[in-house]
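Before any comments, here is the structure.
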Amino acid sequence: MGSEGCPVWLLHVPADVFLKLFGEHFFLFCKQAGYDTMLRTLGGNLIEFIGNLDALHSYLALSYQIHCSFMTVFPFFCPFFHLATGIMEAVAREFFDSKVTMVVLNQSEEDERTGKKEHVVFLVKQTNQAGKTRDQHNSSHRWESLLRTMRDRCLSLAGKKHGWDLLRAVVLSEKGSLQCTFSPCYPNNLWMEEKAFCNAFPFHIVFDEDLKVKQTGVNIQKFVPGLQARDAKLDQYFTIIHPQVTFTIRSIRKFINSQFVLKSYKDKHTMLKLRGQMLWMESLGCMLYLCSPKLRNLQELQDVGLHLSDLAQHDVTRDLVLLNQQRLAEMELTNQLERKKEELRILSQHLEAEKHKTETLLYAMLPRHIANQLKDGKSVKAGDFEVCTILFSDVVTFTNICAACEPIHIVHMLNSMYSKFDRLTNIHDIYKVLIGFSKVETIGDAYMVVGGVPVPTETHSHRVANFALGMRIAAREVTNPVTGKPIQIRVGLHTGPVLAGVVGEKMPRYCLFGDTVNTASRMESHGLPDHIHLSSSTYSELKDAGFNIQERGQIEVKGKGQMTTYFLLGNMLVSEDSIMGRKVGGTGLYREDLQKGKEQYMENYNKRFHHQGVAAVTLMM
């Protein structure tokens with residue numbers, strides 16, 4: 001650690017060198033951040049720049065109620081005075097094309113209002129980049145310009161005047177140019193009466209070396225009447241806020257180029273802050289404090305008990321208050337817009353969540369692409385499907401169960417059963433392809449699905465068959481509330497053509513029509529408990545697909561006569577875990593899944609390498 005507490009020895013660099021370099025880079029950072037335009041306006045030379053630096057800091061603190069980062073190193077009374085050296089050298093080099101040499105003349109600790117502070121006095125020598133002093137360079141330039149002007153004037157008067165007359169005319173015409181520096185002209189008497197001065201500067205205070213008040217402006221008298229008392233001292237009614245120095249003439253004169261902020265502390269209800277300039281009048285041995293109320297907006301003006309009429313018309317505080325009020329109003333409007341924007345964003349999120357819930361409910365009632373067409377306001381025409389497989393199921397002895405149980409028990413049983421069945425439809429969709437299941441209807445204990453509608457698929461019967469096997473397994477996990485044993489279901493399947501379409505407007509439903517629906521229902525009603533009953537058409541679709549099927553024989557089917565039917569016992573090529581979706585990372589059960597999986601893989605592959613210039617690849621199936 002360095003002597004000032006900075007970890008500079010880790011770099012093996014002395015603290016003074018490190019801080020000086022830091023000061024230079026800090027100034028360059030502020031310049032790149034956009035402060036250079038503002039800083040260049042502080043003065044035409046280095047002395048004026050330093051003198052107005054504190055004024056800029058005070059203005060920024062007044063307007064924005066913050067401390068400008070560039071000003072945190074000023075004034076130069078700081079422990080790291082090497083930092084100020086680096087900043088001053090950078091300012092002189094960047095702004096005034098000159099070089100400064102700063103030598104410490106005196107370094108001591110002095111008591112100030114906030115405690116002991118280090119006071120460093122510098123000797124600053126400024127030279128131009130060529131090596132000449134700034135004064136020599138400016139003086140040489142001025143004399144060269146003056147001689148050039150006098151020569152031109154002499155040539156213009158040649159022939160009109162001669163001898164001493166010519167010399168006198170040239171000198172008199174250019175006598176203003178012989179002044180190397182500006183010298184103000186002061187009147188012998190001050191052409192202003194005391195009353196006019198106190199009215200023109202309503203906020204001013206004159207006090208002597210003992211801080212005794214000698215004179216005040218009319219508005220100072222109004223708001224701090226105690227200052228009119230005999231032998232009243234300024235520090236009895238005000239304290240210095242900025243700069244943070246003790247309230248003495250010596251401390252004030254030390255910071256005579258700074259802007260002073262005073263705060264009254266006698267009356268807490270009307271706290272008055274003044275900001276202004278201290279001027280030392282040597283002949284009178286008194287200090288003149290020309291000031292204005294330190295205000296940011298109309299609310300503060302009202303809180304203090306002032307009006308705009310209390311401020312002199314030449315006082316820029318009027319404009320500052322009004323402009324700042326306008327800025328605050330614009331900021332409040334911006335904040336309101338931001339708040340409304342945030343509220344709209346939150347509402348949009350809620351709306352999106354509700355939209356997702358609505359779509360989920362809608363997709364549970366209708367096929368996805370059918371539902372999307374209805375959302376877009378399009379009409380959905382009924383369609384003929386040449387072949388599909390329909391499944392019906394119901395619970396064995398469901399009427400007896402309803403008669404022996406409370407309704408709530410029936411609801412729990414059905415909810416458990418249908419939740420497992422619905423899960424099965426999702427499981428067969430894990431390959432992100434439309435598996436052909438479209439839940440069409442649930443009435444009481446009946447459950448109906450269809451494969452191959454509304455999107456045709458070659459494996460519609462295989463999908464429905466596997467789904468039926470999964471239903472039988474899932475039903476064994478549901479308890480009969482009467483017997484306490486697993487429930488039994490009957491399942492019937494039939495394959496054939498159907499007509500499908502959307503029925504209704506208030507509550508649209510996707511319905512199937514045709515003899516295939518009736519036959520599938522007869523397969524379920526003529527089936528046996530815990531069996532999957534197949535028609536001959538469904539058997540023809542499944543017989544060569546690895547399913548274990550047993551012939552039941554001919555039975556009398558109501559409305560159909562004699563029919564040869566079959567029982568589906570299982571799937572010899574697919575495990576029970578695959579059917580129930582318990583197998584993780586397995587391959588697709590159906591050709592469409594494998595085909596679509598390959599197509600999706602190739603699409604992702606081409607997208608991934610397209611931006612790298614790799615040619616797209618088409619997989620040959």
#### Entry: Criterion: open to solvent by 20 Å² or more (accessible area, probe 1.4 Å) and either more than 19 Å from Leu279 (Cβ to Cβ) or among the hydrophobic types (A, V, I, L, M, F, W, C) (or both) - qualifying residue of Phe223, Phe238, Phe255
Phe223
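Being in contact with a helix residue (DSSP H, G or I) (Cβ under 6 Å, 6 or more places away or on another chain) and either within 14 Å of Thr389 (Cβ to Cβ) or not hydrophobic (A, V, I, L, M, F, W, C) (or both) is the filter; apply it to the stretch 572-585 and report the residue that is modelled with the lowest pLDDT.
Initially, the stretch 572-585 is screened for residues in contact with a helix residue (DSSP H, G or I) (Cβ under 6 Å, 6 or more places away or on another chain), giving 579-581, 583.
Cutting the leftovers down to either within 14 Å of Thr389 (Cβ to Cβ) or not hydrophobic (A, V, I, L, M, F, W, C) (or both) gives us 581, 583.
Details: Gly581: 80, Lys583: 67.
If we take residues in the stretch 572-585 being in contact with a helix residue (DSSP H, G or I) (Cβ under 6 Å, 6 or more places away or on another chain) and either within 14 Å of Thr389 (Cβ to Cβ) or not hydrophobic (A, V, I, L, M, F, W, C) (or both), then Lys583 is modelled with the lowest pLDDT.
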### Message
Would you confirm, using the coordinates I've provided, whether Ala33 is at pLDDT 80 or above and either in a loop (DSSP other than H, G, I, E, B) or within 28 Å of the chain's Cα centre (by Cα) (or both)?
### Response
yes
### Message
Among the residues of the stretch 484-494, what is the count of those that are touching a helix residue (DSSP H, G or I) at 6+ places or on another chain (Cβ under 9 Å) and without any contact (Cβ under 8 Å) to a residue 40 or more places away in the chain?
### Response
1
### Task
Name every residue in the stretch 538-557 that is without any contact (Cβ under 8 Å) to a residue 60 or more places away in the chain and surrounded by 17 or more Cβ atoms within 10 Å (Cβ to Cβ), in order of residue number.
Tyr539, Ile549, Arg552
### Task
Identify the single condition in (1) open to solvent by less than 30 Å² (accessible area, probe 1.4 Å); (2) without any contact (Cβ under 8 Å) to a residue 40 or more places away in the chain; (3) out of contact with any helix residue (DSSP H, G or I) (no Cβ under 6 Å at 6 or more places or on another chain) that Val396 does not satisfy, given that it satisfies every other one.
(2)
### Query
Which fully enclosed helices (runs of 4 or more DSSP H) of the stretch 296-394 have 1 or more residues being under 38 Å from the mean Cα position of the chain (by Cα) and of a type in the set (Val, Ile, Thr)?
298-304, 317-365
### Conditions (1) hydrophobic (A, V, I, L, M, F, W, C); (2) open to solvent by 20 Å² or more (accessible area, probe 1.4 Å); (3) touching a helix residue (DSSP H, G or I) at 6+ places or on another chain (Cβ under 8 Å); number of the one not met by Met507
(3)
### Task
Considering only the stretch 274-303, state which residues are farther than 19 Å from Phe260 by Cα and aliphatic (A, V, I, L, M).
Leu284, Leu298, Leu301
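Looking only at residues in the stretch 39-55 that are open to solvent by 20 Å² or more (accessible area, probe 1.4 Å), assigned to a helix (DSSP H, G or I) and of a type outside the set (S, T, N, Q), which one is modelled with the lowest pLDDT?
Ala55
Consider Lys378 carefully, then state whether it is open to solvent by 80 Å² or more (accessible area, probe 1.4 Å), among the charged types (D, E, K, R) and at pLDDT below 85.
Yes, satisfied.
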### Task
Output the residues belonging to the stretch 267-320 that are small (Gly, Ala, Ser) and either surrounded by fewer than 17 Cβ atoms within 10 Å (Cβ to Cβ) or without any contact (Cβ under 8 Å) to a residue 12 or more places away in the chain (or both).
Ser283, Gly285, Gly305, Ser309
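The values are calculated or read from the model by the stated rules, or taken from the named source; none is laboratory data. Owing to the predicted nature of the structure, the values given are computational and were not obtained by experimental measurement. Positions of Cβ are generated from backbone atoms using ideal geometry, with glycine treated the same way; all protein chains shown enter the neighbour counts. Just the protein is used for accessible areas: all its heavy atoms, side chains included, with ligands, DNA and RNA removed. Shrake-Rupley method; radii C 1.70, N 1.55, O 1.52, S 1.80 Å.
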